[in-house]
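Input: a single structure, listed below in structure tokens.
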């Protein structure tokens, strides 16, 4: 059976816990811990969803109650932070320019991320052999954030700015933030404040687009 099997099965049915597994549990963290152990023992590619579920002491269907794919286990804390983005955008002051609002929103999102929450795909990338999968699975997350920021900017500029410029600003800011976050994650115990690192990276980008994002339509236009 492949990892994609049973996606459409009834989540209420759960296979008996295999002998020698952990006590039955269904938490995301239990599955993450089990996966981390297995990825370290036999590598990411050599670990199956069935093995993760067995080590966690749950059925296969329980895994799919929490994750759509094995790669999601590499992004638990990151996904929780990204999920907070809509709320952060809604809370961003209306009294600042679009470029300043963009910088504030992305920095505020970084500030919500727990200091110790480093994706295991990066922190253990060599023993787990997760680098390639991390980059592949990261693309969809990058695009989701960039899309949300582009929508946020589009509302702020109210049609006064070329949509291509709006998307370019959103993409560039997302890339700068991701670069800073990656460097922060790999800094180990010497890592500083994530929000400060992200703001240091995105500030030149946001301010570079300010002349276009903050322009207003001429009166009577």
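Values as computed for the structure displayed
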| read-out | value |
| --- | --- |
| Lone qualifier among 114, 98 - being at pLDDT below 90 and under 18 Å from residue 199 (Cα atoms) | 114 |
| Count - residues of the stretch 162-179 that are crowded, with 21+ Cβ neighbours inside 10 Å and modelled with pLDDT under 95 | 0 |
| Boolean, residue 78 is in a helix (DSSP H, G or I), touching a residue at least 24 places away in the same chain (Cβ under 8 Å) and within 30 Å of residue 49 (Cβ to Cβ) | yes |
| Residues being crowded, with 20+ Cβ neighbours inside 10 Å and assigned to a helix (DSSP H, G or I) - total across the stretch 48-63 | 9 |
| Residue list for the stretch 55-92, restricted to those being more than 23 Å from residue 141 (Cα to Cα) and either in contact with a helix residue (DSSP H, G or I) (Cβ under 8 Å, 6 or more places away or on another chain) or assigned by TED's automatic domain parsing to the domain that holds residue 113 (or both) | 55, 56, 57, 58, 59, 60, 62 |
| Residue identified as surrounded by fewer than 19 Cβ atoms within 10 Å (Cβ to Cβ) and closer than 20 Å to residue 142 by Cβ among 129, 117 | 117 |
| Candidate set: the stretch 28-47, residues that are more than 19 Å from the chain's Cα centre (by Cα) and surrounded by fewer than 16 Cβ atoms within 10 Å (Cβ to Cβ); chosen: the one nearest to residue 138 (Cα to Cα) | 45 |
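The values are calculated or read from the model by the stated rules, or taken from the named source; none is laboratory data. Since we're looking at a predicted model, the values are computed, not measured. Counting neighbours? That spans all protein chains shown, and the Cβs are built from the backbone with ideal geometry, glycine included.
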